[in-house]
Amino acid sequence: MIPFLDLKEINMRHEEEITQSIKSFLDSGWYILGKQVEEFEKQFAQYCGTKFCIGVANGLDALSLIIRAYGIGEGDEVIVPSNTYIATILAISANHAFPILVEPELLSYNIDPNKIEEKITPKTKAIMVVHLYGQACNMDPINALATKYNLKVIEDCAQAHGAIYKEKKVGNLGDAAAFSFYPGKNLGALGDGGAITLNDEEIYLQLKALRNYGSHKKYENLYKGVNSRLDELHAAVLKVKLKYLDEDNQIRRSIAEYYSDNIHNPLIILPNVEQVDGLSHAWHLYVIRSNNRANLQSFLTNKGIQTLIHYPIPPHKQQAYKEWNNEEYPISEKIHNEVLSLPISPVMRLEDAVKVAEALNEYKETV
Ligand SMILES: *Cc1c(COP(=O)(O)O)cnc(C)c1O
């Protein structure tokens with residue numbers, strides 16, 4: 001069986017270093033908001049090229065706290081792609097603001113910059129972009145619109161740690177950015193974790209308080225904050241794994257490149273990587289399309305190849321968003337009906353990628 005992702009193997013590569021880092025955390029006797037988180041925040045800000053980083057409990061909280069810090073709430077609108085993971089949209093709803101769905105480009109799977117302006121109203125406060133599957137969005141036209149209409153640009157980088165757009169890392173392409181360190185992400189903790197990166201000091205200080213009961217100083221509360229802190233334990237592990245992120249992404253790139261060069265089957269559409277100078281895909285997922293996905297997936301399962309679907313149901317068809325169930329987002333629906341994610345990870349062996357490509361080349365419409 002070729003697994004979709006072997007998380008245990010990914011982490012066990014660093015067993016010794018992780019164990020050592022956890023040991024020094026244990027020896028410190030300090031469990032919440034201490035040296036580990038502080039050091040990781042510094043290192044991750046430096047990695048992304050931003051002035052500041054704030055560790056939080058997960059990616060959803062990172063998104064939600066950014067929206068809150070910008071004062072976006074009741075009566076406000078936030079533009080968001082119609083084909084994202086539900087967390088992006090839940091973060092807007094959690095602040096009682098209204099998500100405005102914009103269709104993606106079929107080729108890049110990312111929000112279509114040409115469809116944003118028609119959705120901007122006097123209530124629009126922000127554009128929330130998602131660097132889906134690890135590919136940075138086409139940011140120049142999006143940032144130009146944000147400047148024109150005085151909107152915040154918030155990046156959802158949960159799938160794109162280390163991806164680059166025109167020589168800048170994601171996390172530093174808008175006003176503020178959210179990351180998730182959920183175990184399966186390109187930079188994953190041994191549990192839940194998240195971070196916010198940004199350059200604005202005032203918002204940074206506010207977010208730092210918001211994640212910790214709205215407090216800068218123990219028992220003094222400036223805001224009605226929340227408890228959403230990155231644990232020292234996870235920061236101790238993330239510090240180790242951050243050192244290997246670029247190397248890991250490079251392995252992902254070589255697997256993706258192998259797939260793209262070697263899968264030749266008219267029934268299968270390969271992911272399109274925009275040829276922008278200085279653009280570097282983080283390949284969180286390698287997503288192909290087929291108009292008979294169920295057939296293709298069971299064909300691959302029979303060949304011992306595990307695949308997943310990201311995602312089977314678009315946000316506007318979810319029960320949680322009943323009010324949208326009758327709306328139509330045809331590109332998003334097409335994507336959700338056709339996508340299939342192939343195995344890809346920093347521990348995947350090239351001989352397994354060869355087998356996956358061979359199987360896909362053998363695939364015919366009838367099994
Ligand atoms: C994983 C993910 C999130 C949420 O992160 P959590 O840490 O699980 O809360 C948000 N947006 C996208 C696009 C994701 O893939």
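Can you find even one residue in region 8-28 that is more than 16 Å from the ligand (Cβ to nearest atom) and touching a Cys at 6+ places or on another chain (Cβ under 6 Å)? There is no residue in region 8-28 that is more than 16 Å from the ligand (Cβ to nearest atom) and touching a Cys at 6+ places or on another chain (Cβ under 6 Å). Please find, among 76, 61, 27, the residue that is modelled with pLDDT of 95 or more and either under 19 Å from residue 182 (Cβ atoms) or not assigned by the TED database to the domain that holds residue 162 (or both). Just one listed residue meets the conditions, 61. Taking region 101-140 as the range and being in contact with a His (Cβ under 7 Å, 6 or more places away or on another chain) and either β-branched (Val, Ile, Thr) or in contact (Cβ under 8 Å) with a residue 60 or more places away in the chain (or both) as the test, the residues that pass are 101, 133, 134, 135.
Determine if region 3-17 includes at least one residue that is outside any helix (DSSP H, G or I), at pLDDT 95 or above and farther than 18 Å from residue 248 by Cα. Looking through region 3-17, none of the residues is outside any helix (DSSP H, G or I), at pLDDT 95 or above and farther than 18 Å from residue 248 by Cα. Of the residues making up region 249-268, one or more are buried (at least 21 other Cβ atoms within 10 Å of the Cβ) and within 16 Å of the chain's Cα centre (by Cα). Among the candidates 170, 237, 226, the residue that is crowded, with 22+ Cβ neighbours inside 10 Å and either out of contact with any strand residue (DSSP E or B) (no Cβ under 8 Å at 6 or more places or on another chain) or of a type in the set (Lys, Arg) (or both) is uniquely 237. The set of residues in region 60-77 that are outside any helix (DSSP H, G or I) and among the charged types (D, E, K, R) comprises 74, 76, 77.
Restricting region 78-97 to residues that are in contact (Cβ under 8 Å) with a residue 60 or more places away in the chain and in a loop (DSSP other than H, G, I, E, B), the residue that is surrounded by the fewest Cβ atoms within 10 Å (Cβ to Cβ) is 85.
Let's see how each residue does on (1) touching a Ser or Thr at 6+ places or on another chain (Cβ under 8 Å); (2) closer than 30 Å to residue 31 by Cα; (3) free of Cβ contacts under 8 Å to residues at least 12 places away in the same chain:
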residue: 225; (1), (2), (3): yes, yes, no
residue: 252; (1), (2), (3): yes, no, no
residue: 257; (1), (2), (3): no, no, yes
residue: 261; (1), (2), (3): no, no, yes
residue: 265; (1), (2), (3): no, no, no
residue: 269; (1), (2), (3): yes, no, no
residue: 281; (1), (2), (3): no, no, no
residue: 300; (1), (2), (3): yes, no, no
residue: 307; (1), (2), (3): yes, no, no
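Each residue in region 88-123 was checked for being closer than 18 Å to residue 163 by Cβ and either in contact with a helix residue (DSSP H, G or I) (Cβ under 9 Å, 6 or more places away or on another chain) or within 16 Å of the ligand (Cβ to nearest atom) (or both), and 8 of them qualify. Only residues that are assigned to a loop (DSSP other than H, G, I, E, B) and more than 13 Å from the chain's Cα centre (by Cα) were counted in region 141-161, giving 2. Note on region 162-183: residues that are more than 11 Å from the ligand (Cβ to nearest atom), assigned to a loop (DSSP other than H, G, I, E, B) and under 13 Å from the mean Cα position of the chain (by Cα) amount to 4. Are any of the residues in region 195-204 more than 16 Å from the ligand (Cβ to nearest atom) and of a type in the set (Ser, Thr, Tyr)? Yes, region 195-204 contains at least one residue that is more than 16 Å from the ligand (Cβ to nearest atom) and of a type in the set (Ser, Thr, Tyr). Please go through region 328-367 and give me each residue that is touching a residue at least 60 places away in the same chain (Cβ under 8 Å), within 30 Å of residue 94 (Cβ to Cβ) and assigned to a loop (DSSP other than H, G, I, E, B), ordered by number. Correct list: 329 only.
Selection of region 184-194 for residues being near the ligand (Cβ under 8 Å from one of its atoms) and buried (at least 24 other Cβ atoms within 10 Å of the Cβ) yields 193, 194. Pairs are defined by a Cβ separation below 6 Å, a sequence spacing of at least 6 or placement on different chains, a first member in region 38-55 that is within 8 Å of residue 197 (Cα to Cα), and a second member that is in a helix (DSSP H, G or I); the pairs so defined are 52/45; 52/204; 53/41; 53/44; 53/45; 54/207; 54/208.
The values are calculated or read from the model by the stated rules, or taken from the named source; none is laboratory data. This one's a predicted model, so the numbers in the text were calculated from it and none came from an experiment. In this analysis, Cβ positions are derived from the backbone assuming ideal geometry, glycine residues included, and neighbour counts consider all displayed protein chains.
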